[in-house]
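For reference, the structure discussed in these notes is given below.
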Amino acid sequence: MAGAGVPLLASCASGIEPRRNASLEDFARSLNVSAATYAVLRSGQPVATQAVTGATDAIFQAASLTKPVVAFAALKMVQAGRLELAAPVSHYLAGGYRHFHDPLRRSVRDSFDLVPAKILEQITVAQLLNHSSGFPNWSSKPLAFISEPGQGWSYSGEGYLLLQSVIEAVTRTELAAYLDRDIFGPLGMSDTSLVWRGAFDQRAVAGRMVFGLSRRARFQSGLAASTLYTTATDYARFMSAFLAGDAMVQMVLAKPVEVSKPLGLAWGLGWGIERGTNGACIWQWGNNPGFRAFAMASTTSKDGFVILANSERGMSLAAAIAQEVLPFEHAAFRFPPVA
């Protein structure tokens, strides 16, 4: 999810449209989606990647599906004793945090403010992961709290950029390079990166915006909140690795922050949590200009899916595929930022 003040990342939701009785391909055509690929997991294992339209190996912007990947990296560091969930952020950034006013312009010459350690000591690593830091989604002004840390849920891309700085401080490595080495490489995710690669040029699809404009952003700076390039096959590999770690799944589910009581939605360490009669599902949506993405899995059956689409009407496809893979009511699609 993106917000005002960051034009390249900002976008609007277009609503969930009913599939009725159309095939997925016909439904995609009616939505004017020219490229959409999804991968299915059964019992935690990827079993199929299918192109609704376009190519199965197409590379998409995954938008906020970046966040669960970064959370996975952070939780692996927690398990290894390199990070502490309850530790204040100031423990890792004693000199403060350089907050850039445009997240895509992050050189020393670009506009920024320094968030002092006395502010960072009010926030824990866990609060960055579950969006309870009190920071806004995005801010092109000096970073300030919009609510008291730890007192409620407020979706925050800024929180994940702060988490990025924590990870980089501990690993002494830029996040994109760290993920390549410690996550994507070991998992065989050869078509995934936080930054643009020249090798993506032939298979990366352009996003299609509501008014017919197309965009293919080539991110040169990796952002923990939104710049992941990937395929459905690769992202399913990541989901499989996450679901295989029962201890990590329990960490995500252990102390969620309530998001919407009427919808039964909460947020754990890196994933949304949808609770219903069929148990808990983890989920995350992604909105970048011209792209929609969605990932969901049952923590009980470990069935799930990920879909990547190059259209701002692509979330309707996600809702349709959810009914095929996890055929029960999904309140996540009635959550206003998604719907």
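What ranking do 211-218, 325-332 get when scored by the average of other Cβ atoms within 10 Å per residue, highest first? It would help to have the intermediate numbers written out before the result.
Numbers: 211-218: 12.1, 325-332: 17.2.
For the peptides 211-218, 325-332, the packing ranking is 325-332, 211-218.
Highest average first, the peptides 139-150, 24-35 ordered by how many other beta carbon atoms sit within 10 Å of their residues are 24-35, 139-150.
Considering only Cα atoms, the convex hull volume of the stretch 73-176 works out to 95 Å³ per residue. Using Cα springs under 10 Å in a Gaussian network model of the chain, which residue among Arg197, Arg313, Arg172 shows the largest mean-square fluctuation? Most flexible of the set in this elastic network: Arg172. Taking the Kirkwood radius as Rh and the Cα radius of gyration as Rg, the stretch 249-339 has a ratio of Rg/Rh equal to 0.95. Extents of the stretch 103-151, taken as max minus min of Cα coordinates on every principal axis and listed largest first, are 35, 21, 17 Å. For the chain, a crude dipole built from +1 on the beta carbon of Lys and Arg and -1 on the beta carbon of Asp and Glu, taken about the Cα centre, is about 340 debye to the nearest 20.
On a per residue basis, the chain carries 39 Å² of accessible surface, using protein heavy atoms and a 1.4 Å probe.
The charge dipole of the stretch 198-237, taken about its Cα centre with unit charges on the Cβ atoms of Lys, Arg (+1), Asp and Glu (-1) only, comes to about 100 debye. Distance between the C-alpha centers of the stretch 231-298 and the stretch 55-111? Whole Å please. The stretch 231-298 and the stretch 55-111 have Cα centres separated by 18 Å.
Under a point-charge model restricted to the Cβ atoms of Lys and Arg (+1) and Asp and Glu (-1), what is the dipole moment magnitude of the stretch 59-174 relative to its Cα centre, in debye to the nearest 20?
Using only the charged Cβ atoms, the result is roughly 220 debye.
Note on the chain: lysine pairs with Cα distance below 29 Å, sequence gap of 8 or more or different chains, count 13. Note on the chain: semi-axes of the ellipsoid equivalent to its C-alpha gyration tensor, largest first and rounded to whole Å, are 29, 22, 19. Estimated purely from DSSP H runs of n ≥ 4, each contributing -39500 (n - 2.57), the mean residue ellipticity at 222 nm for the chain is -7000 deg cm²/dmol once divided by its residues.
Rank Ser193, Ala297, Phe333 by how far each Cα sits towards the positive end of the charge dipole of the chain (+1 on Lys, Arg Cβ; -1 on Asp, Glu Cβ) and give me just the farthest. Most positive-ward Cα: Ser193.
Mind checking which of Met315, Gln250, Cys281 is farthest towards the positive end of the stretch 179-321's charge dipole, using Cβ charges of +1 (Lys, Arg) and -1 (Asp, Glu) about the Cα centre? The residue sitting farthest along the positive end of the dipole is Met315. Compactness ratio for the stretch 117-203: Cα radius of gyration over 2.2 N^0.38 Å (N = residue count) comes to 1.31.
The values are calculated or read from the model by the stated rules, or taken from the named source; none is laboratory data. Note that the structure is a prediction, hence the values are computed from the model and not measured. Cβ sites come from the backbone with ideal geometry, for glycine too, and all protein chains shown count toward neighbours. SASA here: full protein model, heavy atoms, side chains in, ligands and nucleic acids out. Shrake-Rupley method; radii C 1.70, N 1.55, O 1.52, S 1.80 Å.
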